[in-house]
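Read-outs: derived from the displayed coordinates by stated rules, not from any lab. Because the structure is predicted, anything quoted here is derived from the model rather than measured. As a convention, Cβ positions derive from the backbone with ideal geometry for all residues, glycine included, and neighbour counts pool all protein chains shown.
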Amino acid sequence: MGFVFSAILYITLAVFVIGTLRKILRYASTPAPLKIPTTPAPTTRSGVVMRLGREVVFFESLFKASKWTWVFGWLFHAGLLLVLLCHLRYFTEPVWWWVALLAPFSPYAGLMMLFGLAGLLARRFLVDRVRYISAPSDFLMLLFLMAIAGSGLAMRYWLHADIIQVKRFALDLLSFDFGYLAFNPVLALHLLLVAVLLLIFPFSKLLHAPGLFFSPSRNQVDNPRERRHVAAWAKSHDTDRAEKSRG
Ligand code: HEM
Ligand code: HEM
């Protein structure tokens with residue numbers, strides 16, 4: 001099981017890193033021809049940094065849009081972040097002190113994830129407006145993340161995996177070694193789902209994580225009167241025109 005999963009995780013991690021980087025490069029080089037910050041918007045660059053910060057940490061605009069979606073969405077994402085930070089205990093030796101400090105909260109974070117996802121799923125079934133625009137992939141994505149959290153919690157409370165062995169395997173992965181893992185069906189499912197997550201990340205709505213930073217309605221400074229906005233691809237054309245009009 002160790003050999004198979006090392007191979008699967010290396011391949012899917014490569015797809016994740018290369019695929020996501022390619023998408024980020026494409027976002028970064030896509031021109032934003034118009035000045036379209038959602039107002040009221042900050043008038044300085046540091047204001048924009050604060051706005052994006054509030055968006056990432058508190059989901060500010062979602063809070064203004066829908067309190068229920070915000071509660072479940074925020075709980076899910078906060079749980080996910082905490083779970084991922086706690087998982088660092090498998091990949092660090094000695095375990096970083098702050099990871100050790102967080103580790104006891106990992107099962108609660110897993111439950112937070114499940115609770116948030118269940119709420120988001122219920123929303124897709126129960127709110128007519130949302131059900132109308134939901135595609136099968138929207139439901140599947142939520143069920144899929146529930147399966148990752150569910151298989152993780154199942155290992156914690158029911159079919160325990162040999163954590164020492166999992167840690168050895170994780171450290172071997174980091175040093176490009178193919179480690180050993182005894183067969184455990186729940187661990188196999190957990191790792192398989194994680195591999196699928198890595199695989200679909202660069203091609204799915206999960207790209208909203210890096211995408212948020214490239215959204216013109218959020219990342220633009222509201223200063224059209226002070227500074228003329230010219231998209232990168234229009235710059236040479238714009239200077240030609242300026243020179244012609246000067247004489
Ligand atoms: C910078 C990090 C991230 C931010 C700021 C962020 C923010 C958000 C926001 C604001 C929503 C909107 C909820 C809605 O309007 O329906 C959302 C939805 C979602 N996010 Fe994230 N997210 C981040 C990373 C991630 C990651 C890493 C994952 C999973 C691996 C993820 C999974 C999801 C899913 C599945 C939904 C859809 C929920 C639904 O269908 O109802 N997010 N996210
Ligand atoms: C190669 C990467 C990963 C490995 C080796 C791994 C391994 C494990 C193991 C062994 C457990 C059981 C913990 C215990 O019994 O104490 C667990 C739990 C869990 N995992 Fe993972 N996991 C990985 C990636 C992920 C990812 C990417 C997610 C989320 C998207 C995730 C979500 C969870 C959750 C929610 C739990 C239950 C809470 C907890 O006990 O920490 N795992 N994982």
Residues whose placed amide H lies under 5 Å from that of Ala41, excluding near-sequence neighbours
none
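Kirkwood Rh over Cα pairs of the stretch 25-112 into Stokes-Einstein at 20 °C, 1.002 mPa s: D in µm²/s?
Values: Rh = 15.9 Å.
Calculated translational D: 134 µm²/s.
What is the gain in length, in nm to one decimal, between Leu159 and Trp233 on full extension, counting 0.36 nm per residue of separation less the C-alpha to C-alpha distance? Walk me through the numbers on the way to the answer.
Values: separation 74, 0.36 × 74 = 26.64 nm, distance 5.68 nm.
Full extension from Leu159 to Trp233 adds 21.0 nm.
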Mind checking the dipole of the stretch 1-115: about its Cα centre, +1 per Lys or Arg Cβ, -1 per Asp or Glu Cβ, Debye to the nearest 20?
480
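Could you put Met155, Met113, Met1 in order, starting from the residue whose Cβ has the fewest other Cβ atoms within 10 Å?
Details: Met155 18, Met113 26, Met1 15.
Neighbour counts put them in this order, fewest first: Met1, Met155, Met113.
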Ordered by packing density, taken as the mean number of other Cβ atoms within 10 Å over each peptide's residues, highest first, how do 178-186, 72-80, 166-174 rank?
72-80, 166-174, 178-186
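Based on the mean of other beta carbon atoms within 10 Å per residue, what is the order of 43-56, 187-200, most packed first? Write down the numbers at each step before the final one.
Working: 43-56: 13.6, 187-200: 18.9.
Sorting 43-56, 187-200 by mean packing, highest first, produces 187-200, 43-56.
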Charges at C-beta only: +1 for Lys and Arg, -1 for Asp and Glu. How large is the resulting dipole of the stretch 2-240 about its Cα centre, in Debye rounded to 20?
760
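Using Cα-Cα distances under 8 Å and only pairs 6 or more residues apart, what relative contact order does the stretch 112-247 have, in percent?
Details: 59 pairs, mean separation 22.6, N = 136.
For the stretch 112-247, the relative contact order is 17 percent.
Which FRET efficiency value, to the nearest 0.05, do you get for Ser46 and Leu84 by plugging their Cβ-Cβ distance into 1/(1 + (r/R0)^6) with R0 = 25 Å?
On the way: r = 29 Å, r/R0 = 1.15.
Efficiency, rounded to the nearest 0.05: 0.30.
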Phi-derived 3J(HN,Hα) across the stretch 184-200 with the Karplus relation (6.51, -1.76, 1.60, θ = phi - 60°), rounded Hz, x for Gly and Pro, is 9, x, 6, 5, 4, 4, 4, 5, 5, 5, 5, 4, 5, 4, 4, 5, 8
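Rank the residues Asp128, Asp162 as a footprinting-exposure proxy: fewest other Cβ atoms within 10 Å of their Cβ go first.
Result, fewest neighbours first: Asp128, Asp162.
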Charge dipole of the chain about the Cα centre (unit charges at C-beta), most positive-ward option of Val17, His160, Ala135:
Ala135
